[in-house]
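The structure under discussion appears below in the form of structure tokens.
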Amino acid sequence: MPELPDLSVYLDCIERKALGAPLRGLRIGNPFVLRSVSPPPAELAGRRLRGTARIGKRLALRFDGGVCAVIHLMILGRLHWKKAGAPLPKGSGLAAFDFDDGTLMLTESGSKRRAALHLVAGDDALAAFERGGLEPLDASAQAFTARLRASRHTLKRALTDPAEFAGIGNAYSDEILHRARLSPFKRAGELDPGEAQRLYEATQTVLREWIERLRAEAGDDWPPKVTAFRPEMAVHGRYKLPCPVCAAPVQRIVYAANEANYCARCQTGGRLLADRALSRLLHDNWPKTLEELEK
């Protein structure tokens, strides 16, 4: 799922391409993408794009008269900038916002249609999409730490819970926790002051670094590829590859439909975190430390 850095760059590019321009029309390629239609799509025609915003992992396009299009990409939804009036791709094309100088196109790969488009009017309707999560790049160290102290979750869960922190998902939480040298399954409420400060600084640094890296990739055009798996990442999606800090093999824990990637040497003092499925399979043969695994 595109996260805060990817979504921030999408908004940068949309504003550069279309801010102030009138929307000529909104084409719907798949009616199931529309989750609310107040106002209906036809009423957006002629309204100028006045601004954009990120609401957690949603993108909001603000048009004249307080009308907004709120887009949730989910896992496989993506945005593209095409030539004006470009046809929607058969099957994957969900919606197209037509401007004079180009078309903002929403697509979704795969067979499931989870991406969503809400058309709403007014600040109250827009505020309904807020989940209550703290914006990590706007938060002070004190506010960040207070939110952690109030959490009953593990660090991995706390960072990715939209009611606790906004815009962070599976990929960047792995990167943040690696940078902070903290176990993904340490309890958020049990951090000492030094650990909380490290996590705050890592969150700020990792997210800002990736925003700048993705901006550089996009240049004056459009993000060439939005993906959660990048070779420049330290641990996310790098199972068994060497940690860039200590060269130990990156580990993973698979749970539900997600996984956590971490470096045992950098983050857990060499201790391997138990993967439930493998622990049940291997029983006493499950290695407890990195040294046992290497043997």
Condition broken by Thr107, with the remaining ones in (1) touching a residue at least 40 places away in the same chain (Cβ under 8 Å); (2) under 21 Å from Pro5 (Cβ atoms); (3) part of a strand (DSSP E or B) satisfied:
(1)
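To keep it simple, each residue is scored yes or no on (1) among the hydrophobic types (A, V, I, L, M, F, W, C); (2) part of a strand (DSSP E or B); (3) under 13 Å from Met105 (Cβ atoms).
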| site | (1), (2), (3) |
| --- | --- |
| Pro5 | no, no, no |
| Tyr10 | no, no, yes |
| Ile14 | yes, no, yes |
| Lys17 | no, no, yes |
| Leu26 | yes, yes, yes |
| Ser36 | no, yes, no |
| Pro39 | no, no, no |
Specify the residue that is least open to solvent (accessible area, probe 1.4 Å); the eligible residues are those in the stretch 45-54 that are touching a Pro at 6+ places or on another chain (Cβ under 9 Å) and outside any loop (DSSP other than H, G, I, E, B).
Leu49
For Phe63, indicate whether it is more than 28 Å from Asn170 (Cα to Cα), touching a residue at least 12 places away in the same chain (Cβ under 8 Å) and either open to solvent by less than 10 Å² (accessible area, probe 1.4 Å) or out of contact with any Asp or Glu (no Cβ under 7 Å at 6 or more places or on another chain) (or both).
yes
As an exercise: evaluate Lys57 against (1) farther than 25 Å from Arg215 by Cβ; (2) open to solvent by 20 Å² or more (accessible area, probe 1.4 Å) and give the number of the one condition it does not meet.
(1)
Scan the stretch 89-103 residue by residue and report those that are touching a residue at least 40 places away in the same chain (Cβ under 8 Å), under 16 Å from Leu34 (Cα atoms) and among the small types (Gly, Ala, Ser).
Gly93, Ala95, Ala96
Selection count, the stretch 66-75, where residues are open to solvent by less than 30 Å² (accessible area, probe 1.4 Å) and closer than 18 Å to Leu44 by Cα
5
Among the residues of the stretch 10-31, are any over 19 Å from Gly102 (Cβ atoms), out of contact with any Gly (no Cβ under 8 Å at 6 or more places or on another chain) and open to solvent by less than 30 Å² (accessible area, probe 1.4 Å)?
no
Odd one out for Ala216, checked against (1) modelled with pLDDT of 95 or more; (2) open to solvent by 30 Å² or more (accessible area, probe 1.4 Å); (3) touching a helix residue (DSSP H, G or I) at 6+ places or on another chain (Cβ under 7 Å)
(3)
Considering only residues that are surrounded by 13 or more Cβ atoms within 10 Å (Cβ to Cβ), among the basic types (Lys, Arg) and out of contact with any Ser or Thr (no Cβ under 8 Å at 6 or more places or on another chain), look in the stretch 76-135 and name the one that is modelled with the lowest pLDDT.
Arg113
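The values are calculated or read from the model by the stated rules, or taken from the named source; none is laboratory data. Source: prediction; values computed, not measured. Quick reminder, even Gly has a Cβ in these numbers, built from the backbone with ideal geometry, and neighbours come from all protein chains shown. Just the protein is used for accessible areas: all its heavy atoms, side chains included, with ligands, DNA and RNA removed. Shrake-Rupley method; radii C 1.70, N 1.55, O 1.52, S 1.80 Å.
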